[in-house]
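The values are calculated or read from the model by the stated rules, or taken from the named source; none is laboratory data. Predicted model only: the values in this text are computed from it and were never measured. With ideal geometry, Cβ positions are generated from the backbone for all residues, glycine too; neighbour counts draw on all protein chains shown. These area figures cover heavy atoms from the full protein model, side chains too; ligands, DNA and RNA do not enter into them. Shrake-Rupley method; radii C 1.70, N 1.55, O 1.52, S 1.80 Å.
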Amino acid sequence: LQDQFDNLEKHTQWGIDVLEKYIKFVKERTEIELSYAKQLRNLSKKYQPKKNSKEEEEYRYTSTRAFVATLNEMNDYAGQHEVISENMTSLITGELSRYVQELKQERKSHFHDGRKAQQHIETCWKQLEASKRRFERDCKEADRAQQYFEKMDADINVTKADVEKARQQAQLRHQMAEDSKAEYSSTLQKFNSEQHDHYYTHIPNIFQKIQEMEERRIVRIGESMKTFAEVDRQVIPIIGKCLDEITKAAESVDHKNDSQLVIEAYKSGFEPPGDVDFEDFTQPMKRTISESSLSNSRGDGRSEPKFGGKSKGKLWPFIKKNKGAGPEDFSNLPPEQRRKKLQQKVDELNRDIQKEMDQRDALTKMKDVYIKNPQMGDAASVDQRLAELGQNIEKLRLEVQKFEGWLAEVEGRLPARTEQPRRQSGLYEAQNPSAVNSCAQDRESPDGSYTEEQSQETGMKVPATDFDDEFDDEEPLPTIGTCKALYTFEGQNEGTISVAEGEMLYVIEEDKGDGWTRIRRNEDEEGYVPTSYVEVYLDKNAKGA
């Protein structure tokens, strides 16, 4: 390849370009890995349960816990892609970038030496050509001088001095030709030696170095490709572990356990309704109403068409609704739900007491320090705060006792509370204005609440005027606005009402923080729907709006 110097220079430059292209490829791969990892982390963060939110309660189910485990493993999975990016950057991109700079310098040095050797042999060749041309010229000059001398010597008219002069000139030219010949011979011998060294020593050595440089480049790019695969292979076990954990989380989903949690969360503690008693209107007897016909049942709408109709919302025509927050003792809730709420309230108050006691202990220690070291502070400055904490603790303890009493009542440790007898109202009153028969009944509120009412059966006929006076405050709630159903809702529980998407209804009670809004379709159909299922438009001048 001694005559392919220029082609070798082009090829080695192409090799460096290939190396730089591969570096760019790996760099873009690392950017993709980082972007992918970032998107995975954002995705995992987006679907993580929010702290102190309603969503957090949903994650007590095994299926949702498995989902959280999947999100956490996806976060770790994203971390492995970051590791791939970091390792490729340090082991491939960084190393090859430094190697390319070294390779460029080495290539530049080798081709500089090659060009220098090429220039040297060209210089030697030029010197040889110059010596050859000088020898040729001197030979020609010697021949002309010899011919001129012979001509002068043969001419009888030329003086002896001119002949002698021509003879000396001829000898001089011959001597110069001999000197040029010797110089040409020496230059030729030197050039041949230089040319031999150039083609058999210098150039082969330079080309050998270039070949070694090129082979190192090829080996290096091959090793980088192997590293490219190894970086991925190193994280495969960890990625596999992440996937194994996701599989394990999926296998931990227990449908029976989740179903039991739903039952525990929503069971009301009410018994199913009894049979409806036959009411014989053919006999001239006072009409009585079976306790079971007005009890807390899901069949009220079927047993008393005048109460149910198409809506499941008006199953409690005799309950006086609270226009505001629920009662403090949660008596508006079913027994089981009430017990849970009371227990939560007791636990919350106990935590507050512990917090206040911790503050009191800290201030007491601070006061002791001030007493022992007056220069650090005035001990009397904390007395007022200590007194306030003592009062707060006493108030909280009284609250705990109150709620524990209610809790004991619910759990059956104390006799059940009784309320004053109430008379029936609602549609039955409208149909029988001259007489009202009351009966003991347990009633649910639309959100699963209930009240316990006891009364004695009486055969007395109550004048309608007395009845109306006693139940003036039992009038239907006024409308405070309208709402539009955003989604279809099947009201299958007591107190709820079914609505169709796009339906317009009246709002009679706002959401009190429990996620339910009370609405009315007509005089006989009212109930509760999830607040998130409707868009409410409140009247500005409505009471309580």
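Couple of notes before you dig in:
- Matching entry among Glu73, Glu95, Glu106 (being assigned to a helix (DSSP H, G or I), assigned by the TED database to the domain that holds Ser252, under 24 Å from the mean Cα position of the chain (by Cα) and among the charged types (D, E, K, R)): Glu73
- Test: residue in the range 263-280 that is surrounded by 12 or more Cβ atoms within 10 Å (Cβ to Cβ) and part of a helix (DSSP H, G or I): yes
- Matching residues in the range 231-244 - criterion: being open to solvent by less than 70 Å² (accessible area, probe 1.4 Å) and either in contact with a strand residue (DSSP E or B) (Cβ under 6 Å, 6 or more places away or on another chain) or among the acidic types (Asp, Glu) (or both): Asp232
- The listed residue being modelled with pLDDT of 85 or more, open to solvent by less than 30 Å² (accessible area, probe 1.4 Å), in the same structural domain as Lys24 (by the TED database) and β-branched (Val, Ile, Thr), out of Val83, Val100: Val100
- Positions within the range 157-183 being within 20 Å of Lys140 (Cβ to Cβ) and acidic (Asp, Glu), in sequence order: Glu178, Asp179, Glu183
- Residues in the range 14-55 that are within 24 Å of Val231 (Cβ to Cβ), within 10 Å of the chain's Cα centre (by Cα) and open to solvent by 100 Å² or more (accessible area, probe 1.4 Å): Lys38, Gln39.
- Test: residue in the range 165-183 that is closer than 30 Å to Asp6 by Cα and either assigned to a helix (DSSP H, G or I) or at pLDDT 90 or above (or both): no
- Answer residue from the range 376-433, given it is surrounded by 13 or more Cβ atoms within 10 Å (Cβ to Cβ) and of a type in the set (S, T, N, Q) and is modelled with the highest pLDDT among those: Asn392
- Each residue in the range 508-545 was checked for being within 39 Å of the chain's Cα centre (by Cα) and either modelled with pLDDT under 85 or of a type outside the set (D, E, K, R) (or both), and 17 pass.
- Residue selected from the range 125-180 under the condition farther than 29 Å from Ser193 by Cβ, touching a helix residue (DSSP H, G or I) at 6+ places or on another chain (Cβ under 9 Å) and among the hydrophobic types (A, V, I, L, M, F, W, C), by the criterion most open to solvent (accessible area, probe 1.4 Å): Leu172
- Which listed residue is of a type in the set (Ser, Thr, Tyr), modelled with pLDDT under 85 and out of contact with any Phe, Trp or Tyr (no Cβ under 7 Å at 6 or more places or on another chain), from Thr159, Thr187: Thr159
- In this entry, Phe191 is excluded by the filter for residues that are among the aromatic types (Phe, Trp, Tyr), closer than 30 Å to Asn75 by Cβ and assigned by the TED database to the domain that holds Gln127.
- Test: residue in the range 482-505 that is of a type in the set (S, T, N, Q), modelled with pLDDT under 85 and surrounded by fewer than 16 Cβ atoms within 10 Å (Cβ to Cβ): yes
- If you check His120, His112 for being surrounded by fewer than 16 Cβ atoms within 10 Å (Cβ to Cβ), modelled with pLDDT under 90 and under 60 Å from the mean Cα position of the chain (by Cα), only one passes: His112.
- Some residue of the range 86-96 being charged (D, E, K, R), open to solvent by less than 50 Å² (accessible area, probe 1.4 Å) and modelled with pLDDT of 90 or more: no
- Any hit, the range 242-249, residues being at pLDDT 90 or above, of a type in the set (Gly, Ala, Ser) and in the same structural domain as Glu106 (by the TED database): no
- Under the condition of being over 16 Å from Tyr22 (Cα atoms) and of a type in the set (A, V, I, L, M), the residues counted in the range 201-227 number 4.
- Residues within the range 195-222 that are open to solvent by less than 80 Å² (accessible area, probe 1.4 Å) and over 17 Å from Gln101 (Cα atoms), tallied: 9
- First in the range 356-376 and assigned by the TED database to the domain that holds Leu389, second anywhere and hydroxyl-bearing (Ser, Thr, Tyr), Cβ under 8 Å, 6 or more apart: Tyr370/Ser381; Met376/Tyr370
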